[in-house]
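**Student:** Dropping the structure in here first, questions after.
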Amino acid sequence: MKNLLHVAVLSLFLMGCGDDDLYKTSIPILEEGVLGVQILDTDGVEVDGARISIFDDNNVFVTSAFTDSIGERSFELQEGVYTIKVAAQGYIPSPVQGGIAIPVQINGGEATDRSIPLTFDPNAANTTYIQGNANIRGNLVVISDDANAYSTFTDSNGNYYLYNIPAGSNYKLTSYHTGYETDLLDVSLSVDTPILDKNINARQSSALPELTGSVTFLATKNGTVDITVTLPETGDVIPGAVTYTSGTYTMNDLPKGQFKVWATYNNDGYVMDPDWIAKNGGEDSALGLVVNSSNLTKNFSVTGAVELVSPTNSLDEVTPKVISTTTPTFEWKAYSSAQDYAVEVTDIDGNLVWGGVEWSGDEAAPIATPKHGSIGSVTSIKYNFDNNPETPSLEDGQLYKWSVTAINTGNTAISTSENQVGIIKVELPQ
């Protein structure tokens, strides 16, 4: 990524400043920062026309744009935490469908660069794309068949673009947004004939149901957490379906569909209690939500998160912690009642790199076992300490995320670390 963005932001500070202003100790902090994104293929060639979508720290769509002829695009964003998703015809999306993108911190008056690689899709010759208009900005558009679902969000003009869809004749196309109703459309896709004008009639409605509920804080002090409704097939947040609560909550005008409701995605010191999820029939039962025409209730139990020590970004920002080794030692604080821990490392696309939890037993009472083997009550282990021959080495210049799951004597997962901590970047000495 070129450094022109940094020069541009610095110019904002210097414009309008007299000579004496350069020596003042008080520099105004801008509310907006600049995010520069460059998209390259695996050969290092710039990807022209890739669609970059930006999401906030609740995974809510913010904005989108296409890369230029040198594979770049910049965004002016309010100070905060964001994630980046990229899609282009002929390439595997980043992150992969259902994957978790590593967050990026935007600071007011500063420029931040991200270079994101795209891998050629080996099945590209058997895929096509569909685009059209869905009436409103930020509308979640989904095309699905019995096996797969593909999603995107509309831009400021209500336009949508869905790439790399396998040819088929049994697709359903629809959209989701609070306050709006949309019909299911039948769609047939052919490799030879991309669909360029399939419009979706999202209609505003005042007769949609509401969701109410409460949050119980287990073995921890009360606080404020976010409540978010998502589409389980893709992991996308339903636009408008996010709220915050320290006890009870109400969410109005939900669209019809089958969803999942999550609590406390943000770095707030809390996570959903894994044991509560297990005792309520597993994730599908505890978090599942079918919206028709009736009002609904969904309650949650949350608990304190496992606290990471090193290496990790801080709780209040997601700037990656730079490490100078490919075999880092992970350290965290002991968690009450934990008798074992499972450490997991994922890459920038959310793909598992090492460790994690092996789940067994039935859904109502799942058994959690560390994939890297039991480590007991120790609170520090080295990457790939189990010498798994299938574990890849961490790569210089790459971003990763690590997390911890706490497990009790009954092999029940009782807590995890926060969603947006444990972000690291490998930078080896030159």
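**Student:** So which residues in segment 379-391 are surrounded by 12 or more Cβ atoms within 10 Å (Cβ to Cβ) and at negative phi, if there are any at all?
**Tutor:** The answer is THR379, SER380, ILE381, LYS382, TYR383, PHE385, ASP386, ASN388, THR391.
**Student:** Being surrounded by fewer than 16 Cβ atoms within 10 Å (Cβ to Cβ), at positive phi and either without any contact (Cβ under 8 Å) to a residue 40 or more places away in the chain or not in a loop (DSSP other than H, G, I, E, B) (or both) is the filter here, so list the residues in segment 327-372 that pass it.
**Tutor:** Matches in segment 327-372: GLY361 only.
**Student:** Against the definition (of a type in the set (A, V, I, L, M), at pLDDT below 95 and closer than 17 Å to GLN258 by Cβ), how does ALA147 come out, yes or no?
**Tutor:** Against the criterion (of a type in the set (A, V, I, L, M), at pLDDT below 95 and closer than 17 Å to GLN258 by Cβ), ALA147 qualifies.
**Student:** Would you point out which residue out of ASN280, ASN299, ASN292 is free of Cβ contacts under 8 Å to residues at least 60 places away in the same chain and not assigned by TED's automatic domain parsing to the domain that holds SER380?
**Tutor:** ASN280
**Student:** Being surrounded by fewer than 17 Cβ atoms within 10 Å (Cβ to Cβ), out of contact with any strand residue (DSSP E or B) (no Cβ under 6 Å at 6 or more places or on another chain) and either under 30 Å from PHE75 (Cα atoms) or without any contact (Cβ under 8 Å) to a residue 12 or more places away in the chain (or both) is the requirement here; does SER206 meet it?
**Tutor:** The answer is no for SER206.
**Student:** I would also like to ask the following. Given (1) closer than 25 Å to PRO194 by Cα; (2) surrounded by fewer than 16 Cβ atoms within 10 Å (Cβ to Cβ), where does VAL142 come up short, assuming only one miss?
**Tutor:** (2)
**Student:** Shifting gears a bit: Out of all the residues in segment 214-225, is one or more surrounded by 16 or more Cβ atoms within 10 Å (Cβ to Cβ), out of contact with any Lys or Arg (no Cβ under 7 Å at 6 or more places or on another chain), outside the structural domain of TYR176 (by TED's automatic domain parsing) and within 26 Å of THR174 (Cβ to Cβ)?
**Tutor:** no
**Student:** Another question about this same structure. Which of the residues spanning segment 105-158 are over 30 Å from GLU395 (Cβ atoms), part of a strand (DSSP E or B) and hydroxyl-bearing (Ser, Thr, Tyr)?
**Tutor:** If the condition is that a residue be over 30 Å from GLU395 (Cβ atoms), part of a strand (DSSP E or B) and hydroxyl-bearing (Ser, Thr, Tyr), then THR128, TYR129, SER144 are the ones that fit.
**Student:** Being part of a loop (DSSP other than H, G, I, E, B) and more than 29 Å from TRP262 (Cβ to Cβ) is the filter; apply it to segment 415-430 and report the residue that is farthest from the chain's Cα centre (by Cα).
**Tutor:** Top of the filtered list is GLN430.
**Student:** Another one. Among (1) in contact (Cβ under 8 Å) with a residue 60 or more places away in the chain; (2) more than 30 Å from SER336 (Cα to Cα); (3) in contact with a Lys or Arg (Cβ under 9 Å, 6 or more places away or on another chain), where does ASP186 come up short?
**Tutor:** Every listed condition holds for ASP186 apart from (1).
**Student:** Within segment 283-298, work out how many residues are surrounded by fewer than 17 Cβ atoms within 10 Å (Cβ to Cβ) and in a loop (DSSP other than H, G, I, E, B).
**Tutor:** 4
**Student:** Let me ask something else. Residues of segment 226-250 being touching a Lys or Arg at 6+ places or on another chain (Cβ under 9 Å), hydrophobic (A, V, I, L, M, F, W, C) and either in a loop (DSSP other than H, G, I, E, B) or crowded, with 22+ Cβ neighbours inside 10 Å (or both), which ones?
**Tutor:** Passing the criteria: ILE227, VAL229.
**Student:** What strands (runs of 3 or more DSSP E) completely inside segment 30-69 contain at least 3 residues that are over 19 Å from the mean Cα position of the chain (by Cα)?
**Tutor:** In segment 30-69, the matching strands (runs of 3 or more DSSP E) lie at 32-41.
**Student:** When segment 373-414 is examined, which residues are found to be more than 12 Å from GLU344 (Cβ to Cβ), assigned to a strand (DSSP E or B) and modelled with pLDDT of 95 or more?
**Tutor:** Scanning segment 373-414 gives SER380, LYS382, ALA406, ILE407.
**Student:** Within segment 81-96, count every residue that is surrounded by fewer than 19 Cβ atoms within 10 Å (Cβ to Cβ) and either of a type outside the set (A, V, I, L, M) or free of Cβ contacts under 8 Å to residues at least 40 places away in the same chain (or both).
**Tutor:** Count: 2.
**Student:** Please determine, by comparing only the residues of segment 258-267 that are at pLDDT 90 or above and crowded, with 17+ Cβ neighbours inside 10 Å, which one is nearest to TYR82 (Cα to Cα).
**Tutor:** The selected residue is THR264.
**Student:** So which of LEU315, LEU308 is at pLDDT below 95 and either buried (at least 16 other Cβ atoms within 10 Å of the Cβ) or outside the structural domain of TYR400 (by TED's automatic domain parsing) (or both)?
**Tutor:** LEU315
The values are calculated or read from the model by the stated rules, or taken from the named source; none is laboratory data. Since the structure is predicted, the reported quantities are computational estimates derived from the model, not experimental observations. Here Cβ is always computed from backbone atoms with ideal geometry, including for glycine, and neighbour counts include all displayed protein chains.
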